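Chemist: Structure incoming, see below.
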Amino acid sequence: MKEKLRRVPAGLLVFILVFAWVFSGWPQFLGFPPKVQEAQAALPTYVAAGTFVKSAAAITPGLPAGIATNDILILFLETADQVISIANSNGGTWTEVTNSPQFTGNTRLTAFWSRYNGTQTAPTTTDSGNHNHGIILAVRGVKTSDPPYDITAGSIDVTSDTTGSIAGASTSVADTFVVLGMAIDGPDGN
């Protein structure tokens, strides 16, 4: 064995030892080797849903419990195919989601999003004229650039039956969180 080691040039052994030291996580000595910085992004996670509200007039869906600054709030609103918007953002900034609203002639689903700023309170909608249903969902660990989503899609299913379908979309971004929303044309009390 000693004979074989003598035949290996000393420079190669030093290179192998330094290479192993740099890439194995061995302790630093006088700042060498430099530490490799790891980007550890949290995966997006569901936080909670706020209070579902319904009324023949304007509504103020409750914010979810346990939200933190930079959480993404998603507001889903269902009406009798009537336009609805945010009348009072109550300190937040609400933006309508791309491909929103979706409607069939009997029901309309409108979606807005907001990046929670730590102080805003629940938004109040306009009165669409018939009925207004709404709920806010919160998601944490979403990218901090706007918009917070990669892709959106929307479709309608006009078949009168007891099933529903949601159109698909594909993302090329790793570690994404999929949110699906559906409104049905049922009794207004539901």
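The values are calculated or read from the model by the stated rules, or taken from the named source; none is laboratory data. Source: prediction; values computed, not measured. Because the Cβ atoms are built from the backbone with ideal geometry, glycine has one as well, and the counts that use them run over all protein chains shown. Protein only, heavy atoms only, side chains kept; ligands, DNA and RNA dropped before computing areas. Shrake-Rupley method; radii C 1.70, N 1.55, O 1.52, S 1.80 Å.
Chemist: I'd like the full set of residues that are under 20 Å from TYR46 (Cα atoms) and either hydroxyl-bearing (Ser, Thr, Tyr) or open to solvent by 60 Å² or more (accessible area, probe 1.4 Å) (or both), limited to the range 67-94.
Modeler: Once the filter is applied, which keeps residues that are under 20 Å from TYR46 (Cα atoms) and either hydroxyl-bearing (Ser, Thr, Tyr) or open to solvent by 60 Å² or more (accessible area, probe 1.4 Å) (or both), the range 67-94 yields THR69, ASN70.
Let's see how each residue does on (1) open to solvent by less than 80 Å² (accessible area, probe 1.4 Å); (2) among the small types (Gly, Ala, Ser):
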residue	(1), (2)
VAL142	yes, no
PRO147	yes, no
ASP157	yes, no
THR162	no, no
VAL173	yes, no
ALA183	yes, yes
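Chemist: Pick from ARG115, ARG108: which is more than 23 Å from LYS54 (Cα to Cα), surrounded by 13 or more Cβ atoms within 10 Å (Cβ to Cβ) and among the basic types (Lys, Arg)?
Modeler: Testing whether each residue is more than 23 Å from LYS54 (Cα to Cα), surrounded by 13 or more Cβ atoms within 10 Å (Cβ to Cβ) and among the basic types (Lys, Arg) leaves just ARG115.
Chemist: Restricting attention to strands (runs of 3 or more DSSP E) lying wholly within the range 48-143, give those where 2 or more residues are of a type in the set (Phe, Trp, Tyr).
Modeler: Values: elements: 53-55, 72-79, 86-88, 108-115, 132-140.
Counting at least 2 such residues, we get 108-115.
Chemist: Inspect the range 171-185 for any residue being hydroxyl-bearing (Ser, Thr, Tyr) and within 18 Å of LEU75 (Cα to Cα) and give the result as yes or no. Walk me through how you get there before you give the answer.
Modeler: The initial filter retains those residues of the range 171-185 that are hydroxyl-bearing (Ser, Thr, Tyr), namely 171-172, 176.
Now narrow it down to the ones that are within 18 Å of LEU75 (Cα to Cα): none.
Taking every residue of the range 171-185 in turn, none turns out to be hydroxyl-bearing (Ser, Thr, Tyr) and within 18 Å of LEU75 (Cα to Cα).
Chemist: Could you tell me whether SER165 is in contact with an Asp or Glu (Cβ under 6 Å, 6 or more places away or on another chain), assigned to a loop (DSSP other than H, G, I, E, B), of a type in the set (Gly, Ala, Ser) and at negative phi? Spell out how you get there, then give the answer.
Modeler: Working: in contact with an Asp or Glu (Cβ under 6 Å, 6 or more places away or on another chain): yes; assigned to a loop (DSSP other than H, G, I, E, B): yes; of a type in the set (Gly, Ala, Ser): yes; at negative phi: yes.
Yes; evaluated as a whole, the condition is true for this residue.
Chemist: Shifting gears a bit: Do you know which of the residues in the range 58-82 that are more than 21 Å from the chain's Cα centre (by Cα) and at pLDDT below 95 is nearest to ILE135 (Cα to Cα)?
Modeler: Taking the range 58-82 as the starting set, the residues that turn out to be more than 21 Å from the chain's Cα centre (by Cα) are 58-60, 79-82.
Those left that are additionally at pLDDT below 95: 79-82.
Details: THR79: 12, ALA80: 16, ASP81: 17, GLN82: 17 Å.
Out of the qualifying residues, it is THR79.
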